[in-house]
Ligand code: URA
């Protein structure tokens, strides 16, 4: 068929170009594995011609660079390529921190679009109705170290009970409380005004604080994580908001492990 022949000739003439295009896409994807964010940089930057590598304008995706040494800039602003991302969230009520048995919105839905990248996950769990500090990262090794039970990282919570906390509870927490799976490690408790107290745990069992108070005849009606080690939830981070850890906060996080 004449039409068929025409299509065939058309294809053959443009095949090298199509292959070249596909090759370029594969190359950019491959480079993105090495340098997260480069894909966007190349696609956006190449259109405007404002990406420079060591001062030279780059107009092609086919550039070989040593990302540990090269200075990549967009419109003259050096690009800081971060291997990992560490985010601090003031978790609101109603969000789950586990992907299993999802029965609510997932905390990752709170990551702002400009901060989102593949591989992010919450480092640790908080109950759906617990609020406060959560670290979200794509650094699996760091998260593993923070969560390792033998590290005994201190996690401090502000607890609101249905009754005033008592000295007897403080002593029982100090001695450890017998739960169905065994005795808890000693927990610190500081009585505050009204029905509130600070509780600091060095482990993270399922519903631990709720169950510990339950065995003392009290019900937890509010639970808010205020710190992990020396890293404290900042007062100016509103509920439901998330931002990157500052350099200083990141150091505190690293000191935990
Ligand atoms: N203990 C609990 O009971 N729930 C939490 O979310 C954290 C600690």
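Coordinate-derived values only; no laboratory data. The model shown is predicted, which means the values in this text are computed figures rather than measured ones. Neighbour counts run over all protein chains shown; Cβ positions are idealised from the backbone, glycine included.
So here's what we get for this one:
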| quantity | calculated |
| --- | --- |
| Distance (nanometres) between label positions extended 7 Å along Cα→Cβ at residue 175 and residue 198 | 2.5 |
| Spin-label model distance (nm) - residue 14 vs residue 84, 7 Å beyond Cα toward Cβ | 4.6 |
| Spacing of the two label points (7 Å from each Cα toward its C-beta) at residue 118 and residue 167, in nm | 6.0 |
| Contour minus Cα-Cα distance for residue 232 and residue 77 (0.36 nm per residue) | 52.6 nm |
| Alpha carbon centroid spacing (whole Å) that separates segment 59-82 from segment 142-196 | 48 |
| Using a Förster distance of 51 Å, the FRET efficiency for residue 59-residue 255 (Cβ separation, nearest 0.05) | 0.70 |
| Added length on full extension, which subtracts the Cα-Cα distance from 0.36 nm per residue, residue 183 to residue 111 | 22.2 nm |
| Fully extended contour minus Cα-Cα distance, from residue 216 to residue 99, at 0.36 nm per residue | 39.0 nm |
